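The values are calculated or read from the model by the stated rules, or taken from the named source; none is laboratory data. Model, not experiment: these values are computed from the prediction. Note that we place each Cβ from the backbone using ideal geometry, even for glycine, and neighbour counts take in every protein chain shown.
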Amino acid sequence: MDSNKSLEAELKRVKQDLASYKIELHQTRGYLQCILQNSQDMIFATETGGMLVSFSRGGEKLLGYSPAELIGTYIKDLAEDPESFERFFISSQDEGPTVQFDIPFRHKKGDTVLCNVSLINLMNREGQRVGTVGVCRDITMWKKIQEDLVQVDRLAEIGRIASGVAHEINNPLAIIAEASGWAGMVISDAKGLNPEDRKELEKAIKEISHQTGRCRSITHELLDFARGSAPELTEFDIHDILRESINFLRPELKHTSIEVDTQFIPGPLPIKSDPKLLEQVFVNFITNAIHAIRSKGDDKGCIRIKTLTTDSDVEISFEDNGVGITEENQKKIFQLFFSTKAPGKGTGLGLPISQNIIKKLGGTISLDSKPGVGTNLTVRLPLSQV
Amino acid sequence: MNEQSTNRIIRVLLVDDEATLLEYLSKRLLRQGYAVKVSFSGEEAIEAAKQEHFDVAVVDLKMPGIDGVETQRRLREIQPFLQCIVLTGHGSIESALESGHEEAFQYLLKPVDYDNLVTVIKEAYEKKVRLQEEKFQEQLDELRHRGMGPRGMKKAIAELRKIYGF
């Protein structure tokens, strides 16, 4: 009798315990479910061989698939490189509790999604591995920012070195300029110099002074780039600046059969910006176009310069039918010191400086080029600066 | 402007630690009819200014010892009408402007263009002469108001001339 009673009591206690365990279990499950469904991360579980058995909502967002599409497929097939994923997957089974690595996944639409992946073995009570749980965080943006930062850092470093070099070169440059100026004076005052020699010497001196002037503008440009002086804004007609830029390059165009075709909107196009800086950019673009056409070999070609306006912007496009730029080089042409021209022909400063200038003036540059067909550079500038 | 100033040879003091540069710069200026004195440091320039009068000083900003801004400040303490042209490297112009904005006649970026430098030297010279004559006239008027006799007047004017370096 007593034993019956105690059994009953025992049963009651067990029932109570069970009920409270049930509640606890329910709560824990709710808690886990909440984490699983609200995490931005992709959280998945697989059986031992890597076949997906669960896939979180964060995963849906990340890769564009619904769980229904994925359950029963293999997780490795979502990676860009299934083989290397498989290697990680297998290594995660022997190594410590969690294994982390960065691996690119493929979005349903085809984009690459770089993820930091942690894999954890899922064990049963007997200590046997029954599957794997993975937590994947999208680090695409982070990686991109990191790369940009490295790039910015490198650019700043190059700028620092370049401005140091430019500073050092300025002094000898000044001496060359003064010494040649002095030589010029001596020659022009010299008596008993035969006219032909005088002419030769004067020509040489003129050349020296012209070339030192060129060096000076390079060092100043470089230092401008490294320091970034503020633009001087005035109102002017952008057509005037374009015509001046073309005229500036007339000597260069004279010996070619390159045609410059201007398709400007009628009348003046007033804009508030920095005319000097813009002229520098335009001259640079047209020079590049001339080079691109001449590199084609036939020396014939056309540079088409168009202007357009929208409500708030001016669009100036420079189109040439020159050699064009390969896709690979298109990525590099705005990098400092990148040049495809022969040594001594290009400094690799033109485009990065131009881009810097346009950025400073609140505009953008866009590039469209096909190798063998030609290049189109379009500058968009605000009509007036705020 | 009276004849006294326009016919005068412009006296230029060049201050730079780059001796070779000064050699050619001074040769060119000399040949064009300027009176030129070269100093290879700020200290040397200050000593020179104690000995003789100059109209315009061309001073390099960056020199070992006292720098260009300080040099021109001290030069003007000795010769208040002296106009200083300060040559600066790229980028140091802002800092130079902060420290000596009112005092220098002009800041020029190195390497300077010779023709441009000559133009600025002439402008600086004209400013110097103008300021100097205004002050001279002012003090002369003051002397007259004091009602000096002709002899005392002559002596005072000679004294003034000496001060102004006429």
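Observations, loosely collected:
- Residue pairs meeting the criteria (Cβ under 7 Å; at least 6 apart or on separate chains; first facing chain B (nearest Cβ under 10 Å) and without any contact (Cβ under 8 Å) to a residue 12 or more places away in the chain, in the range A:153-176; second part of a helix (DSSP H, G or I) and surrounded by fewer than 18 Cβ atoms within 10 Å (Cβ to Cβ)): A:Ile175/B:Thr20
- Scanning the range B:5-22 for residues that are at pLDDT below 95, within 14 Å of another protein chain (Cβ to nearest Cβ) and buried (at least 16 other Cβ atoms within 10 Å of the Cβ) returns B:Asp16, B:Asp17, B:Glu18, B:Leu21, B:Leu22.
- Flag if B:Val129 is modelled with pLDDT of 75 or more, within 26 Å of A:Val165 (Cβ to Cβ) and hydrophobic (A, V, I, L, M, F, W, C): no
- Selection from the range A:248-301 of residues that are closer than 19 Å to A:Asp237 by Cα, touching a strand residue (DSSP E or B) at 6+ places or on another chain (Cβ under 9 Å), among the polar types (S, T, N, Q) and surrounded by 13 or more Cβ atoms within 10 Å (Cβ to Cβ): A:Thr262, A:Ser273
Listed here are the residues, each with its yes/no results for (1) of a type in the set (Phe, Trp, Tyr); (2) part of a helix (DSSP H, G or I); (3) more than 14 Å from chain A (Cβ to nearest Cβ).
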| residue | (1), (2), (3) |
| --- | --- |
| B:Ala104 | no, no, yes |
| B:Pro111 | no, no, no |
| B:Asp115 | no, yes, no |
| B:Val120 | no, yes, yes |
| B:Ala124 | no, yes, yes |
| B:Lys127 | no, yes, yes |
| B:Leu131 | no, yes, yes |
| B:Lys135 | no, yes, yes |
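- The combined condition, being part of a helix (DSSP H, G or I) and under 32 Å from the mean Cα position of the chain (by Cα), is not fulfilled by A:Leu114.
- Number of positions in the range A:329-357 that are closer than 19 Å to A:Asp148 by Cβ and modelled with pLDDT of 80 or more: 9
- Residues that are without any contact (Cβ under 8 Å) to a residue 60 or more places away in the chain and crowded, with 18+ Cβ neighbours inside 10 Å, drawn from the range A:366-375: A:Ser369
- Any chance A:Gly301 is in contact with a Leu (Cβ under 8 Å, 6 or more places away or on another chain) and not in a helix (DSSP H, G or I): no
- Which numbered condition A:Arg137 misses (of (1) within 12 Å of chain B (Cβ to nearest Cβ); (2) touching a residue at least 40 places away in the same chain (Cβ under 8 Å)): (1)
- For the residues A:Ile145, A:Ile120, the requirement of being more than 14 Å from chain B (Cβ to nearest Cβ), over 30 Å from B:Asp60 (Cβ atoms), surrounded by fewer than 18 Cβ atoms within 10 Å (Cβ to Cβ) and in contact with a Pro (Cβ under 8 Å, 6 or more places away or on another chain) singles out A:Ile120.
- Residue match in the range A:195-202 (condition: away from chain B (no Cβ under 14 Å) and part of a loop (DSSP other than H, G, I, E, B)): no
- Among the residues of the range A:139-153, none qualifies, meaning not one is outside any strand (DSSP E or B) and within 18 Å of A:Ile90 (Cα to Cα).
- Taking the range B:17-82 and the helices (runs of 4 or more DSSP H) fully enclosed by it, the elements with 1 or more residues that are over 24 Å from A:Met185 (Cα atoms) and not small (Gly, Ala, Ser) are at B:42-51, B:68-78.
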